[in-house]
Amino acid sequence: MANEYALTQEVYDQLKEELKELLATGRADIAEKLKEAKSFGDLSENSEYDEAKSDQAKMEARIAELQDIINNATILDSSQLSTETVHTGLVVKIFDRTYNDTAEYHIVGAPQADPMQNMISDESPVGKALLGHKVGDTVHVEIPDGFDELEILNIYRP
């Protein structure tokens, strides 16, 4: 079963550009590194060759990941989302009863997540727990230290 990725148009375009770059020049650069490393002789003791092969594997994994995301992306238009309940693409203001603190989280698709910018994945424990709830709801989230109680104060478009 394929994953579905909720992305903004901007992030979708960025990922497509990254894929295009990897396919256009990334593979050629790796091929050149491999060719150069092979010229150093015995491959069994050739650290440059091993490093180039490792770089190739990482790049091919990233290409496959990008292709999966792009092929299974749903483009979000937050202006079309109802703010009645929490959805991917919306911002949620919460009161954390456990830590007696308020926070705002922009719920985004996993490829777009950036916790340092309060952009949390809809697949994260907090993001997943908030989905579908309304203002005034209290949501219980399992965290490493036990449970967290989050009260939804507001839901709005970014």
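Helical runs (DSSP H, four residues minimum) scored at -39500 (n - 2.57) apiece and divided by the length of the chain put the mean residue ellipticity at 222 nm at -11500 deg cm²/dmol.
Hey, got the dipole for region 5-76? About the Cα centre, +1 on K and R Cβ, -1 on D and E Cβ, debye to the nearest 20?
Dipole of region 5-76, to the nearest 20 debye: 220 debye.
Computed from point charges on the beta carbon alone (+1 for Lys and Arg, -1 for Asp and Glu), the dipole magnitude for the chain about its Cα centre is near 400 Debye. Among the listed pairs LYS58/LYS134; LYS20/LYS53; LYS38/LYS58, those with a Cα-Cα distance over 30 Å are LYS58/LYS134. Any idea how far the Cα center of region 1-49 sits from the one of region 52-73, in Å? Taking the Cα centre of region 52-73 as reference, the centre of region 1-49 is 7 Å away. Packing-based ranking of 76-85, 101-110 yields 101-110, 76-85, ordered from highest to lowest mean Cβ neighbour count within 10 Å. Amide H contacts of MET119: HIS106, ASP114, each under 5 Å away and 5 or more positions distant or on a separate chain (H built 1.01 Å from N in the peptide plane; Pro and chain starts excluded). Tally the DSSP beta bridges in the chain and give the antiparallel ones as a percent, rounded to 5. Around 75 percent of the beta bridges assigned by DSSP in the chain are antiparallel ones.
Rule-based calculations on the coordinates, nothing more; no lab input. Keep in mind the model is a prediction, meaning the values are calculated, not measured. All Cβ positions, glycine included, derive from the backbone under ideal geometry; neighbour counts span all protein chains shown.
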